[in-house]
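Enquirer: Provided herewith is a single structure, encoded as structure tokens, for subsequent inquiry.
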Amino acid sequence: MRQEIRTKFKELFHTEGELYASPGRINLIGEHTDYNGGFVFPGAVDKGMIAEIKPNGSNKVKAFALDLNEYAEFGLTEEEAPTASWARYIFGVCREIIKRGGKIEGFDTVFSGDVPLGAGMSSSAALESTYAFALNDLYNLGIDKFELAKIGQATEHNYCGVNCGIMDQFASVFGKAGSLIRLDCRSLEYKYYPFNPVGYKLVLLDSVVKHELASSAYNKRRQSCENVVEAIRRRHPEVEFLRDASMEMLNEVKGEVSAEDYMRAEYVIEEIQRVLDVCAALEKGDYETVGQKMYETHHGMSKLYEVSCEELDFLNDIAKECGVTGSRVMGGGFGGCTINLVKEELYDNFVHKAFTAYKERFGHEPKLYDVVISDGSRKIG
Ligand code: GLA
């Protein structure tokens with residue numbers, strides 16, 4: 001991939017730039033908890049985005065998306081926002097840096113990636129982190145890593161219409177080989193947990209379902225959580241996020257919120273606790289409990305938060321049938337992958353069964369990704 005980027009860059013711009021990379025992420029547990037001030041447990045993976053960049057002395061960004069074979073050119077003021085969605089990520093990152101007082105100018109760039117798009121592995125965060133990290137480095141802006149993650153998140157909010165939490169960008173920037181990160185999304189305190197489940201494999205099965213309305217459905221979930229917080233605050237003004245709420249508090253307002261908002265909040269309150277339970281289980285090497293919590297998450301995401309779909313539920317059922325230790329839909333949902341914690345001796349049977357049964361039911365196979373937990377944003381050449 002690096003060589004292809006270099007070759008294209010040379011062909012387009014007749015010079016050479018610096019290479020930067022940022023990864024996608026997995027998340028062991030803690031879904032839709034980040035924007036509720038709760039905990040998440042992600043790790044960066046060995047798949048991501050790579051970009052070659054060189055300042056070009058003008059005020060224009062000239063960008064080429066190698067995988068899409070598309071070129072875009074834009075300036076750095078609001079009026080010059082590009083229309084292509086991939087270019088808006090780069091533009092958004094530039095704008096967010098400028099808003100924070102960062103002095104940047106035009107640059108030439110080519111990028112490519114091997115993190116699957118729309119699979120729940122945060123290809124967009126990988127792209128944002130790549131450019132935030134690169135521009136910070138190239139222009140010596142002195143922005144710290146927390147702020148780099150926030151720049152990516154603000155790009156989603158302000159230029160891409162997704163009111164996401166901080167998990168994806170944080171994992172992409174702060175990833176560490178061999179470790180998952182337990183992140184408190186309110187304080188941004190984090191702790192690395194070496195993750196090496198001997199005798200198990202971590203496998204992603206991609207349903208290859210991409211849901212068109214994912215961003216509006218996502219924003220709607222977030223709105224439900226905020227509605228419930230507002231209702232609880234009338235009695236408990238100290239509650240800032242669902243993170244601070246208990247099931248008792250939720251039940252007090254049951255008659256004041258919609259049945260749908262109630263279910264959403266119930267899921268989130270339980271899910272925040274599950275992350276803590278999984279961390280405690282991991283410290284004891286108790287993978288059975290880790291797996292059981294993953295199944296509970298799937299159930300909650302499917303029945304209460306309603307961000308699963310038929311295909312993902314099907315993959316989850318097969319995992320259960322095959323005796324897989326833990327399995328659940330990963331990321332925002334509405335399509336994408338399940339993450340599976342599988343005993344090595346069951347791996348072949350599970351994968352075979354999942355592929356054949358899925359094909360029989362949906363007419364095509366899922367995709368399989370073995371992931372290695374890897375480092376975050378970095379300069380690579
Ligand atoms: C998406 C968002 C994250 C997070 C997850 C769900 O990946 O970008 O902020 O909310 O969904 O856990």
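The values are calculated or read from the model by the stated rules, or taken from the named source; none is laboratory data. Only a predicted model underlies this, so the values are computations on that prediction, with no experimental measurement involved. Glycine gets a Cβ as well: all are built from the backbone with ideal geometry, and neighbour counts include every protein chain shown. Quick note on the areas: whole protein, heavy atoms, side chains included, nothing else; ligands and nucleic acids left out. Shrake-Rupley method; radii C 1.70, N 1.55, O 1.52, S 1.80 Å.
Enquirer: Out of (1) open to solvent by 50 Å² or more (accessible area, probe 1.4 Å); (2) part of a helix (DSSP H, G or I); (3) in contact (Cβ under 8 Å) with a residue 40 or more places away in the chain; (4) not basic (Lys, Arg), the odd one out for Gly57 is which?
Expert: For Gly57, the exception is condition (2).
Enquirer: Quick one: how many residues across the range 76-93 are charged (D, E, K, R) and crowded, with 17+ Cβ neighbours inside 10 Å? Show your work before the answer.
Expert: First, the residues of the range 76-93 that are charged (D, E, K, R): 78-80, 88.
If we keep only those that are crowded, with 17+ Cβ neighbours inside 10 Å as well, we get 88.
Qualifying residue count for the region: 1.
Enquirer: If I go through the range 160-181 residue by residue, how many of them are open to solvent by 20 Å² or more (accessible area, probe 1.4 Å) and within 14 Å of the ligand (Cβ to nearest atom)? Reasoning before the result, please.
Expert: Initial filter on the range 160-181 (open to solvent by 20 Å² or more (accessible area, probe 1.4 Å)): 160-163, 168, 176-178.
The next check asks that each one be within 14 Å of the ligand (Cβ to nearest atom); those that pass are 160-163, 168.
Qualifying residue count for the region: 5.
Enquirer: Could you tell me whether the range 221-229 includes any residue that is acidic (Asp, Glu) and not in a helix (DSSP H, G or I)?
Expert: Taking the range 221-229 first, the residues acidic (Asp, Glu) are 226.
Imposing the further condition that a residue be not in a helix (DSSP H, G or I) reduces the set to none.
Looking through the range 221-229, none of the residues is acidic (Asp, Glu) and not in a helix (DSSP H, G or I).
Enquirer: With Glu31, Glu105, Glu96, Glu52 as the choices, which residue is open to solvent by 10 Å² or more (accessible area, probe 1.4 Å) and among the acidic types (Asp, Glu)?
Expert: Values: Glu31 fails: open to solvent by 10 Å² or more (accessible area, probe 1.4 Å); Glu96 fails: open to solvent by 10 Å² or more (accessible area, probe 1.4 Å); Glu52 fails: open to solvent by 10 Å² or more (accessible area, probe 1.4 Å).
From the options Glu31, Glu105, Glu96, Glu52, the qualifying one is Glu105.
Enquirer: Now a separate question. Working only within the range 11-51, note down all residues that are near the ligand (Cβ under 10 Å from one of its atoms), in a helix (DSSP H, G or I) and either within 14 Å of the chain's Cα centre (by Cα) or of a type in the set (A, V, I, L, M) (or both).
Expert: Within the range 11-51, Asp34, Tyr35 meet the criteria.
Enquirer: Being within 28 Å of Tyr193 (Cα to Cα) and within 23 Å of the chain's Cα centre (by Cα): is that true of Glu266 here? Lay out the reasoning, then the answer.
Expert: Working: within 28 Å of Tyr193 (Cα to Cα): yes; within 23 Å of the chain's Cα centre (by Cα): yes.
Yes; evaluated as a whole, the condition is true for this residue.
Enquirer: Being more than 12 Å from the ligand (Cβ to nearest atom), of a type in the set (Ser, Thr, Tyr) and crowded, with 17+ Cβ neighbours inside 10 Å: is that true of Ser187 here?
Expert: Working: more than 12 Å from the ligand (Cβ to nearest atom): yes; of a type in the set (Ser, Thr, Tyr): yes; crowded, with 17+ Cβ neighbours inside 10 Å: no.
So Ser187 fails the test.
Enquirer: Here's another thing I want to ask about it. Can you name the condition, by its number, that Gly120 falls short on among (1) of a type outside the set (D, E, K, R); (2) open to solvent by 40 Å² or more (accessible area, probe 1.4 Å); (3) at pLDDT below 95?
Expert: Evaluating Gly120 over (1) of a type outside the set (D, E, K, R); (2) open to solvent by 40 Å² or more (accessible area, probe 1.4 Å); (3) at pLDDT below 95 leaves (2) as the failure.
Enquirer: Mind counting the residues in the range 8-62 that are within 23 Å of Gly336 (Cα to Cα) and of a type in the set (S, T, N, Q)?
Expert: Result for the range 8-62: 4.
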